[in-house]
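Chemist: Sharing a structure with you now.
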Amino acid sequence: MNLAVDERHFSRFLSAATIYWRNNLPPSPSDEWIVVEAYHPDIRVLIRNLTIANALSRVTGARSVALVGADPEWEETFWRAFDRERVKALVSAYGIHEIVDVHDVVAQRLAEGDLGDVPLSEAEIDARADSTVCRLRLVPRLPAEDLADPVYLGRRRRVHAFASVYASILDRYTPKALVTCDVEYDQWGVLVDLAVGREIPVVHVQTTGSLKAYTLFPEARSGEATFRAEMTRLIAGTYEGLRPHAHLLERSAERVFDRSRNNLGRPSWWRKGSASTLELTTADETSQFRGFVRDRLGLDKDQPVIAVFSHALSDALGTNRESFADLAEWLEETAHFARGRPDAYWLFLDHPHQASFDRTGFFARLAETFAEAPNLRFMRSLDLSRNSLYAIADLGVTVRGSVANELPALGIPVLQAGWSEWSDCGFSQVVTEPSAYWKALDTAIGTLAAGGELITAEQISAARLWQWLYRSGADVVSPLVPHWEVMPAGLLLSMLGVSMSEVESDGDPVFTAVARMWTKREPMLTRFDLTDATEIQRNVR
Amino acid sequence: MTTDNIELASPSPALTSGYAPEVKVVENLTRADKAIGHFSGSPAAVGVKYAWTGASCRVAVQVEITADPREEERPRLLLVKAHGSVRGAVLLPPKRGKKAVRASLSFEIGSGELRPDGILLLEFWDACSAGYLPPEAAKQVTPFDLAKITVRSIDLDPAVRPASWDRAFADGRISTPGQVRERAGEVRLKGPFFVVNPGAEAVRFGVRAKPATRAPASGGGLFARIARRMRARTPIQPPAWVPQVRAMSLGDGATVGIGIEAVGVNAFDFVVPAGGSGPVAVFPQWPVEASGPAVFLREPQ
């Protein structure tokens, strides 16, 4: 568990939190409920979920019930030393009225063999079981024979049990909102599916930045298949609403873009260290550096260079619309296509955290398979600095990686073979069918070879405006939630303890931002009202 | 736009810190306070922002190598490129348990190579991985592996300095895999080859063969020992050394013709011609009957 502090330190923090929330939650809450999930072992995630739940309590007058516990397989695979008692103590200190150990109840149902009826189809159960088993086993896909494996069948039963238990919880509490840090896999995904089906607003807290959250209100649904697909459209709606005010944000957006060169924290969360700083600024510098990188990679022909960004292969499979059955298939098919297109160089970059997502060595095998292809290169992502990447790439290709925003902001076009958080915002080219994908690649190579441009000045500005929205406008700063980069846990708890003991709560940005999102039924937390030009002018320089 | 993250100060010619604002771009190089930075593996690069005047620029680079205790001590051959062309090479023989070994190199950047809005882009390549190395030289050096190479300083338009009989002597124009200073202006070469960086001017330097001495026998009485000592101090008179030299460019592997002029008994001036394709690896054939390393390089006159 990401909470390496001694008991005395933890207790001091709990005291501060208990007093703070006793003073700042409704003294006489209503009989309505907010469900907040508290499964994650990272203290940063837990305090985000709990703070937003409490902020919602202040707006709605509802009290909260926390879902706690740990899946035994997750505990064994990823969440070693998970401390249920500390999580429960934290939840109590945040003034949560009730606690349900969901995993205990699920275990009990499984032991009794009483799974009951569930409001999920067999296909939905299969999909959740598949993505969860892939993640737990660190494999990009499940071979057909594994579907008869007792472990897989056990997981399928667990999905069934989750659905049954969650249905009971939602029936019992009929919550006004669900607050969760994740929308994938069985323990979160089934809960979100059921909540969305019951028209319960779902707040998806983001594990990055200061405090970010996206909310799906039932009336905003458009019938997309997944939570993330719904949010892709809604986020783009907010972004489009901001576009008319872009001129007011121009200076701020340029500042955010400029600072992003140094990779100050996420969203490029997977890159860290000196190799992630972009230091090139002028066309001359970039062109000089391009020569160096071409020499280094042995790219001696003057032809386009396409950078293909492998995703974390077992991460959130089936989470949004995608062109291919899974991320591995996309990568493999792209490599086959690339071999047949020697009129371009193809640089395949593995995900920096792939070891945590794939234990099959998929990328290494792919590299071996295509080792003889003279126009293909396979590299670990961090072996290519951001300077080199920027200097060499004529086109980026991804499914849903953050490069789909980062590269267009730098003037490099991106083709996405799937949807992501920002994919409806117009600064990347998005396809969700293989035929459209191949055609888009073919056209891109032709255009680049002819010296044409694949990205417009407007798209570059649009990508920078998104950076502003992501890193500034939709990133709420409050002493109640130290920035994601504030770690280790001892430091985090000390800062937070001081805030709770010393800072008065009136007008705290978390409370005002959550109240605005809730009352205006907006799909994201914002620092101020992004629909109001006067507010924007007042808040940016 | 200039922000608190990215800010350029006015340039100064001598750089000894990786955090100097002129050190604009680095690749595979960890910046340092008292050096530009260090790297392992190949290649690494440093881009230096300069005050463009339209004139050519002389650049001096000082590097050093620190051996990893797990590694062998065979020398590494570092190629320095600027703006895509090989400008020079230095041999860096790491010494386990000893302080870092330094070398320096200087070269000219033509006025046409510098751009108003560009950078001085220096690249550091392991000759083994860059594929520049002729087979004869490849046998004598080893890949960088874990060795830490530090770029200590980058000096733009360095002042003319007296030639230094250091690791890379003659103002960085000659680099050896190891050498022992025997007398003023002369070092005994360790290893079968050395590297010459001719640049825009030919490099002339002396080479002297040392006569071999008779190895003392053991045993015998007092008179026999005295007689052996006397004989050992008497130089043998070997046949005069006729230099046999192979030389090849480290830029493209082409054979390079070396000019040789006799200046005394077993003493010659070698002349490595100007221009060509960068640094030249020189393989002198050892004098017959020499006992151990016996070629002396003399300071260019």
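The values are calculated or read from the model by the stated rules, or taken from the named source; none is laboratory data. Computed from a predicted structure; not experimentally measured. In this analysis, Cβ positions are derived from the backbone assuming ideal geometry, glycine residues included, and neighbour counts consider all displayed protein chains.
Chemist: Which one of A:Ala81, A:Ala62, A:Ala123 is crowded, with 20+ Cβ neighbours inside 10 Å and either at negative phi or over 22 Å from the mean Cα position of the chain (by Cα) (or both)?
Modeler: Just one listed residue meets the conditions, A:Ala62.
Chemist: Separate question: Please give the number of the condition A:Ser356 fails out of (1) closer than 18 Å to A:Val397 by Cα; (2) modelled with pLDDT under 95.
Modeler: Checking A:Ser356 against (1) closer than 18 Å to A:Val397 by Cα; (2) modelled with pLDDT under 95, the one that fails is (1).
Chemist: Something else about it: Are any residues in region A:19-59 among the polar types (S, T, N, Q) and closer than 22 Å to A:Val477 by Cα, and if so, which ones?
Modeler: A:Asn23, A:Asn24, A:Asn49, A:Thr51, A:Asn54, A:Ser57
Chemist: Same structure again: Search region A:196-224 for residues that are at positive phi and pair each with any residue that is crowded, with 22+ Cβ neighbours inside 10 Å and among the aliphatic types (A, V, I, L, M) when their beta-carbon atoms are under 9 Å apart and the residues are at least 6 apart or on different chains.
Modeler: A:Gly209/A:Ala474; A:Gly209/A:Val476
Chemist: Now a separate question. Could you go through region A:206-213 and let me know if any residue there is assigned to a helix (DSSP H, G or I), charged (D, E, K, R) and either crowded, with 19+ Cβ neighbours inside 10 Å or more than 14 Å from every other protein chain (Cβ to nearest Cβ) (or both).
Modeler: No - not one qualifying residue is present in region A:206-213.
Chemist: Residue under question is A:Arg471, and the condition is that it be in contact with an Asp or Glu (Cβ under 7 Å, 6 or more places away or on another chain), in a helix (DSSP H, G or I) and under 22 Å from A:Gln206 (Cβ atoms); does it hold?
Modeler: no
Chemist: For region B:41-54, which positions are in a strand (DSSP E or B) and in contact with a helix residue (DSSP H, G or I) (Cβ under 7 Å, 6 or more places away or on another chain)?
Modeler: B:Ala45, B:Gly47
Chemist: Can you give me the number of residues within region A:309-321 that are surrounded by fewer than 22 Cβ atoms within 10 Å (Cβ to Cβ) and either of a type in the set (A, V, I, L, M) or over 16 Å from A:Gly418 (Cβ atoms) (or both)?
Modeler: Number satisfying all stated conditions: 2.
Chemist: Given the conditions (1) farther than 30 Å from B:Glu201 by Cα; (2) at pLDDT 90 or above; (3) within 14 Å of another protein chain (Cβ to nearest Cβ), and given that B:Met1 satisfies all but one, which numbered condition is not satisfied?
Modeler: Of everything listed in (1) farther than 30 Å from B:Glu201 by Cα; (2) at pLDDT 90 or above; (3) within 14 Å of another protein chain (Cβ to nearest Cβ), B:Met1 misses just condition (2).
Chemist: Out of A:Arg386, A:Arg380, A:Arg400, report the one residue that is within 14 Å of chain B (Cβ to nearest Cβ), crowded, with 22+ Cβ neighbours inside 10 Å and among the charged types (D, E, K, R).
Modeler: So the residue among A:Arg386, A:Arg380, A:Arg400 that is within 14 Å of chain B (Cβ to nearest Cβ), crowded, with 22+ Cβ neighbours inside 10 Å and among the charged types (D, E, K, R) is A:Arg386.
Chemist: Output yes when any residue across region B:120-137 is out of contact with any His (no Cβ under 9 Å at 6 or more places or on another chain), buried (at least 23 other Cβ atoms within 10 Å of the Cβ) and more than 12 Å from B:Leu79 (Cβ to Cβ), and no when none is.
Modeler: no
Chemist: Can you list the helices (runs of 4 or more DSSP H) lying wholly within region A:28-134 that have 3 or more residues being touching a residue at least 24 places away in the same chain (Cβ under 8 Å) and more than 21 Å from A:Tyr173 (Cα to Cα)?
Modeler: The qualifying helices (runs of 4 or more DSSP H) are A:43-60, A:72-77, A:84-93.
Chemist: For A:Leu327, indicate whether it is within 14 Å of chain B (Cβ to nearest Cβ) and under 23 Å from the mean Cα position of the chain (by Cα).
Modeler: no
Chemist: Would you call A:Phe324 crowded, with 18+ Cβ neighbours inside 10 Å and either at pLDDT 95 or above or in a loop (DSSP other than H, G, I, E, B) (or both)?
Modeler: yes
Chemist: To continue, here is another question. Please go through region A:287-310 and pick out each residue that is within 12 Å of chain B (Cβ to nearest Cβ) and touching an Asp or Glu at 6+ places or on another chain (Cβ under 7 Å).
Modeler: Within region A:287-310, A:Phe292 is the sole residue that qualifies.
Chemist: In region A:494-525, how many residues are in contact (Cβ under 8 Å) with a residue 12 or more places away in the chain, of a type outside the set (A, V, I, L, M, F, W, C), surrounded by fewer than 16 Cβ atoms within 10 Å (Cβ to Cβ) and assigned to a loop (DSSP other than H, G, I, E, B)?
Modeler: 1
Chemist: Regarding A:Gly451, is this residue assigned to a loop (DSSP other than H, G, I, E, B) and free of Cβ contacts under 8 Å to residues at least 40 places away in the same chain?
Modeler: Taking the combined requirement at face value, the residue satisfies it.
Chemist: Among the numbered criteria (1) under 30 Å from A:Thr519 (Cα atoms); (2) buried (at least 18 other Cβ atoms within 10 Å of the Cβ), which one does A:Pro41 miss?
Modeler: (1)
Chemist: Here is a follow-up. Please work out which one of (1) surrounded by 23 or more Cβ atoms within 10 Å (Cβ to Cβ); (2) aliphatic (A, V, I, L, M); (3) touching an Asp or Glu at 6+ places or on another chain (Cβ under 9 Å) is the condition A:Leu136 fails and give its number.
Modeler: So A:Leu136 meets the others, but not (1).
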